[in-house]
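S.K.: Below: one structure in structure tokens.
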Amino acid sequence: MSNGPPQKVALVGLNSPGYRSLALGYVRAYAQADSRLAGKSGFMTLDLDVTVDPWWVAYRVAALEPEVVGFSVTCWNARSIYDACRLLKKILPDVFIVVGGPEVAPIAEQVLKAQPAIDAVVRGEGEETFAELLSVLLRGRSPWRVEGVTARRDGEVVSAPDRVLIGDLDSIPSPYLTGVLESVEGSAYIETYRGCPHRCGYCFEGKGFSRIRSFSKERVEAEIAHLASAAGILLFSFIDPVFNLTPERLGWLTGVMEPYARDGVRLHTIEVDIERIGSDEAAMLRRAGVASVETGPQSVGERALEVCRRSFDRERFVAGVSAAKAAGISVECDLIIGLPGDTAADVLAGMRFVADLDPGALQMSTLHVLPGTDLWQRADEVGLAFDPAPPHEVVSTGEITFGDLRRLEVMGNALMDHYRARL
Amino acid sequence: MLVFHNIPFGGGDEVSCRRCAAGGVSAPLAMAALMRHIDAVLGAAPRVGVFFSDVGPLDHPDLPCLVDYAARAGASRIALRTSGRSLTDSAAAVSLLRGGVRIVEVTFLGSCAEAHDPLAGTPGAFKAAATGVGNLLDAAETLGVRVAVRGRVRVCRHNLQDLPATVMRLAEMGVSSILLACDSALDSRRSGDWVAAGCDTGTVNRVWVAVSGMDRDALGDKALHAFDAITISGVDG
């Protein structure tokens with residue numbers, strides 16, 4: 001790597017079409033504000049669609065002539081990123097390639113052993129760790145000493161100790177208020193807290209952290225006000241795992257969003273605990289500009305719910321869907337095909353249950369056994385076979401064969417197709 | 001799954017294998033009778049789907065009025081069955097979707113004109129059906145509406161060995177699902193493998209193939225295909 005400042009850092013996201021990476025926005029905003037890097041590092045962000053060919057990704061990144069490249073990796077873009085990294089290392093042999101994100105953080109050592117082009121993996125939250133890693137690289141020190149980093153020492157993959165979670169999320173500069181991240185086509189992501197109150201065995205949304213840490217209300221309100229006024233945002237995507245986390249938060253967010261909703265601002269489909277939605281809560285969501293919510297049940301099979309440590313109260317679920325619909329809110333009911341413990345009959349019962357509810361939208365997904373999840377850890381114990389390569393789709397379960405899983409997927413797609421074909 | 005209530009229209013000439021039996025021609029039911037049926041169905045179960053079946057809803061002179069009537073009465077979805085012949089005019093497909101029909105079941109007997117037309121007894125029948133499917137999907141895209149086109153294959157001993165190719169052809173056309181409606185005269189033990197092959201062809205092409213009229217055991221490890229994404233009450237295959 002070149003010793004001469006400024007260190008050129010490229011942050012690369014392969015996102016769903018039309019989106020930009022909020023994670024990279026945080027990482028860049030934090031690093032740009034780090035006094036150790038001031039005047040010594042220059043940052044560029046490249047947000048591309050996940051559909052972009054890895055050769056073209058490598059071409060675009062190489063054209064920036066970076067010394068450090070950081071990729072944000074999920075199960076959906078991992079294969080493309082690994083390909084792009086391999087090519088990039090051939091084009092720029094001295095480039096230092098760092099990856100982070102939910103796909104790689106829980107299996108950092110495996111990733112480095114399998115991907116020789118990658119130099120380091122940032123585990124856990126990336127903001128502090130990535131900034132410190134850049135600082136260490138600038139000083140010519142060893143990256144494997146940085147807390148939260150897995151890297152190579154004399155060819156051996158080693159992991160430094162985990163980094164303590166950021167206690168005060170407001171210490172991360174806002175990517176919006178700092179101008180690091182701009183809206184795309186009138187929409188923007190908003191994150192109000194990190195962590196998840198649930199411990200569902202298949203999910204990594206809480207990134208393995210049960211403790212809820214919130215951005216301050218003032219910070220969230222400032223971001224929303226900035227985006228809604230200055231940037232002309234018409235659609236907010238709240239990425240919080242549960243929008244109605246507590247009645248108090250729901251009331252607060254309703255109060256924040258209501259004035260904007262009156263001016264036509266809308267919320268993209270939010271995730272809710274539908275079993276805690278009654279007529280009052282549904283009315284609040286409506287006032288906040290919510291037109292659609294996404295929820296479970298994921299399964300109605302008792303055994304699968306037990307194995308996945310997920311609660312489901314059928315009566316309250318039905319009541320919640322009814323309350324939302326009565327308020328004019330469309331509900332997207334999600335089912336996961338291939339959960340351990342579910343038989344084919346359980347999956348069919350789930351399809352019947354959500355179809356009978358006529359919630360507004362149905363979403364059937366095949367289980368992806370994600371790194372860091374409880375199911376990833378207990379796959380053998382619960383009888384799961386899955387593709388070790390991302391996106392880690394389930395191959396078979398102890399209850400459902402490979403063939404029947406594929407059949408249930410196709411049937412689920414047909415049900416969604418026919419469900420959508422409505423007046 | 002999605003439940004539809006059957007509203008038989010009567011009338012027309014059913015697409016069926018002429019080598020098995022001659023197609024029946026019956027008189028179309030009067031509009032008043034069909035409206036009473038719609039009232040009865042939606043009165044008992046508001047917001048359900050209705051399925052205009054029998055042999056020729058598209059040939060019924062009062063179809064637009066009846067679709068509108070069902071929509072106003074609260075039907076969540078309106079589906080109908082056709083040979084596809086009436087949809088060879090693209091304007092008819094547009095009109096159908098504008099009226100509110102969102103699920104259309106088109107009947108096939110084979111994978112190509114050489115297989116389908118002799119069984120249907122009508123030269124040009126396959127081309128008409130295929131054109132109808134294409135026109136519907138084009139119209140849906142033009143109008144920006146979600147439509148599900150469903151292929152219905154009437155299975156008898158004369159088209160059994162053509163099933164995998166028929167399913168493949170329907171998948172290429174872009175249907176959302178396929179129903180293999182097996183003739184009651186079929187010997188399950190002899191036909192099960194061909195039906196199962198048709199099911200597998202659908203699975204690998206990401207199109208669901210449901211089977212009716214065949215004992216689930218005859219499907220062996222493909223028994224899931226006895227389940228359909230939609231259920232039409234009061235109809236056999």
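The values are calculated or read from the model by the stated rules, or taken from the named source; none is laboratory data. All values reported here derive from a predicted model rather than from experimental measurement. No Cβ is skipped: glycine too gets one built from the backbone with ideal geometry, and neighbour counts run over all protein chains shown. For accessibility, only protein heavy atoms count, side chains too; no ligands or nucleic acids. Shrake-Rupley method; radii C 1.70, N 1.55, O 1.52, S 1.80 Å.
S.K.: Given a 1.4 Å probe and every protein chain left where it sits, what share in percent of the accessible area of chain A is carbon and sulfur?
M.R.: Working: 8590 of 17180 Å².
The nonpolar share, carbon plus sulfur, comes to 50 percent.
S.K.: Oh, and also: Just to be sure I understand: with springs between alpha-carbon atoms less than 10 Å apart, which residue in A:Tyr189, A:Tyr59, A:Tyr176 has the highest mean-square fluctuation in the Gaussian network model of chain A?
M.R.: In this elastic network of chain A, the residue with the biggest mean-square fluctuation among A:Tyr189, A:Tyr59, A:Tyr176 is A:Tyr59.
S.K.: Kindly sort B:Glu141, A:Glu332, A:Glu127 by accessible area of their heavy atoms, largest first, with the probe set to 1.4 Å. Show your work: numbers first, answer last.
M.R.: Numbers: B:Glu141 150, A:Glu332 45, A:Glu127 10 Å².
The most accessible residue leads, giving B:Glu141, A:Glu332, A:Glu127.
S.K.: Next question. Under the classification rounded if a/c is under 1.5, otherwise prolate if a/b is larger than b/c and oblate if not, where does chain A fall, given a ≥ b ≥ c as square roots of the Cα gyration tensor eigenvalues? Display every interim value, and only then the final one.
M.R.: Numbers: a/c = 2.00, a/b = 1.34, b/c = 1.49.
The shape class here is oblate.
S.K.: Compute a Gaussian network model of chain A, connecting alpha carbons closer than 10 Å, and tell me which residue from A:Ser322, A:Ser311, A:Ser174 fluctuates the most.
M.R.: A:Ser311
S.K.: Per DSSP helix of 4 or more residues, -39500 (n - 2.57); summed, then divided by the residues of chain A. What does that give at 222 nm, rounded to the nearest 500? Could the numbers behind the result be given before it?
M.R.: On the way: 14 runs with 149 residues, N = 423.
Result for chain A, helices only: -10500 deg cm²/dmol.
S.K.: For a quick check: with amide H placed at 1.01 Å from N, whose amide H comes under 5 Å from B:Val153's, ignoring anything fewer than 5 positions away on the same chain?
M.R.: So B:Val153 has HN proximity to B:Phe108, B:Leu179, B:Leu180, B:Ala181.
S.K.: Looking at the range B:204-218, which residues lose a minimum of 40 Å² of accessible area between their chain alone and all protein chains in place, measuring with a 1.4 Å probe and not counting ligands or nucleic acids?
M.R.: B:Arg206, B:Trp208
S.K.: Run the numbers on chain B and let me know its relative contact order in percent, using alpha-carbon pairs under 8 Å that are six or more apart.
M.R.: Details: 491 pairs, mean separation 43.7, N = 237.
Relative contact order here is 18 percent.
S.K.: Which value in deg cm²/dmol, rounded to the nearest 500, describes the helix-derived mean residue ellipticity at 222 nm for chain B, given -39,500 (n - 2.57) per DSSP H run of n ≥ 4 and division by the residue count? Don't skip to the end; give the middle numbers.
M.R.: Working: 7 runs with 89 residues, N = 237.
Taken over chain B, the calculation gives -12000 deg cm²/dmol.
S.K.: Only Cα pairs under 8 Å and at least 6 apart count here; give the relative contact order of chain A as a rounded whole percent.
M.R.: On the way: 822 pairs, mean separation 47.7, N = 423.
So the answer I get is 11 percent.
S.K.: Using Cα-Cα distances under 8 Å and only pairs 6 or more residues apart, what relative contact order does the range A:7-159 have, in percent? Before the final figure, lay out the partial values.
M.R.: On the way: 287 pairs, mean separation 34.2, N = 153.
Across the range A:7-159, relative contact order equals 22 percent.
S.K.: What cysteines in chain A have no other cysteine with a beta carbon less than 4.7 Å from their beta carbon?
M.R.: A:Cys75, A:Cys85, A:Cys196, A:Cys308, A:Cys333, each lacking another Cys Cβ under 4.7 Å.
S.K.: Separate question: Positive end of the dipole of the protein assembly as shown, charges at C-beta (+1 Lys, Arg; -1 Asp, Glu), about the Cα centre: which of B:Leu179, B:Leu87, A:Trp252 has its Cα farthest in that direction?
M.R.: B:Leu87
S.K.: Provide the per-residue ³J(HN,Hα) series for the range A:356-361, in order, calculated from phi with Karplus coefficients 6.51, -1.76, 1.60 and θ = phi - 60°, each as a whole number of Hz, with x at glycine and proline positions.
M.R.: 5, 5, 6, x, x, 8
S.K.: OK, next. How much accessible area per residue does the protein assembly as shown have, in Å², with a 1.4 Å probe?
M.R.: Working: 26970 Å² over 660 residues.
Ligands and nucleic acids excluded, the result is 41 Å² per residue.
S.K.: If you don't mind, another one. Round to the nearest 10 and give me the degree value, 0 to 90, for the angle of helix B:188-204's Cα axis relative to the longest principal axis of chain B.
M.R.: Relative to chain B, helix B:188-204 is tipped by roughly 70 degrees.
S.K.: Rounded to the nearest 5, what % of the DSSP beta bridges within the protein assembly as shown are antiparallel ones? Present the calculation step by step, with values, prior to reporting the outcome.
M.R.: Numbers: 16 of 94 bridges.
The antiparallel proportion sits near 15 percent.
S.K.: Residue by residue through B:222-232, how many Cβ atoms from other chains fall within 10 Å of the Cβ on average? Intermediate values should be presented prior to the final figure.
M.R.: Values: counts 3, 3, 12, 3, 0, 8, 4, 12, 6, 2, 0.
Mean partner-chain Cβ count within 10 Å for B:222-232: 5.
S.K.: Something else: To the nearest 20 Debye, how big is the dipole of chain A about its Cα centre, given +1 on the beta carbon of each Lys and Arg and -1 on that of each Asp and Glu?
M.R.: The dipole magnitude comes to about 760 debye.
S.K.: If the reach is capped at under 14 angstrom between alpha carbons, list the aspartates and glutamates near A:Lys325, excluding any in the same chain fewer than eight residues apart.
M.R.: A:Glu275, A:Asp280, A:Glu281, A:Glu294, A:Asp356, A:Asp358
S.K.: Pull up all non-local amide H partners of A:Asp47: gap of 5 or more, or a different chain, and H-to-H distance under 5 Å with H placed in the peptide plane.
M.R.: Under 5 Å from the amide H of A:Asp47 lie the amide H atoms of A:Gly13, each far enough along the sequence or on another chain.
S.K.: Moving to a separate point now. Taking loop as defined by DSSP and a crowding limit of 15 other beta carbons within 10 Å, which trypsin sites (Lys or Arg not before Pro) in the range A:129-172 fit? Working shown, then result.
M.R.: Values: sites: A:Arg139, A:Arg141, A:Arg145, A:Arg152, A:Arg153, A:Arg163; in loops: A:Arg139, A:Arg141, A:Arg163.
Taking the range A:129-172 and a limit of 15 other Cβ atoms within 10 Å, the loop trypsin sites (Lys or Arg not before Pro) found are A:Arg139, A:Arg141.
S.K.: Further question on the same structure: Taking H as built 1.01 Å from N, whose amide H comes closer than 5 Å to the amide H of A:Tyr189, not counting residues under 5 places away?
M.R.: A:Ser237
S.K.: What's the magnitude of the charge dipole for the range B:12-118 around its Cα centre, counting Lys and Arg as +1 and Asp and Glu as -1 at the beta-carbon? Answer in Debye, nearest 20.
M.R.: Values: 10 positive and 11 negative charges, 76 e Å.
Its charge dipole is roughly 360 debye.
S.K.: Also: What's the lysine pair count for the range A:7-159 at a Cα cut-off below 19 Å, pairs eight or more apart or interchain? Each step should come with its number before you reach the end.
M.R.: On the way: A:Lys8/A:Lys40; A:Lys8/A:Lys89; A:Lys8/A:Lys90; A:Lys89/A:Lys113; A:Lys90/A:Lys113.
Here the count comes out as 5.
S.K.: In whole Hz and in residue order, list the ³J(HN,Hα) couplings for the range A:57-68 that follow from phi through the Karplus curve 6.51 cos²θ - 1.76 cosθ + 1.60, θ = phi - 60°; x for Gly and Pro.
M.R.: 4, 4, 4, 5, 5, 4, 4, 7, 6, x, 9, 10
S.K.: Based on the mean of other beta carbon atoms within 10 Å per residue, what is the order of B:176-183, A:39-46, most packed first?
M.R.: B:176-183, A:39-46
S.K.: Turning to a different aspect of this structure: Any idea how far the Cα center of the range A:117-168 sits from the one of the range A:337-390, in Å?
M.R.: 34 Å
S.K.: Name the residue, out of B:Glu172, B:Glu14, B:Glu105, whose mean-square fluctuation peaks in a Gaussian network model built on chain B with Cα pairs under 10 Å.
M.R.: B:Glu172
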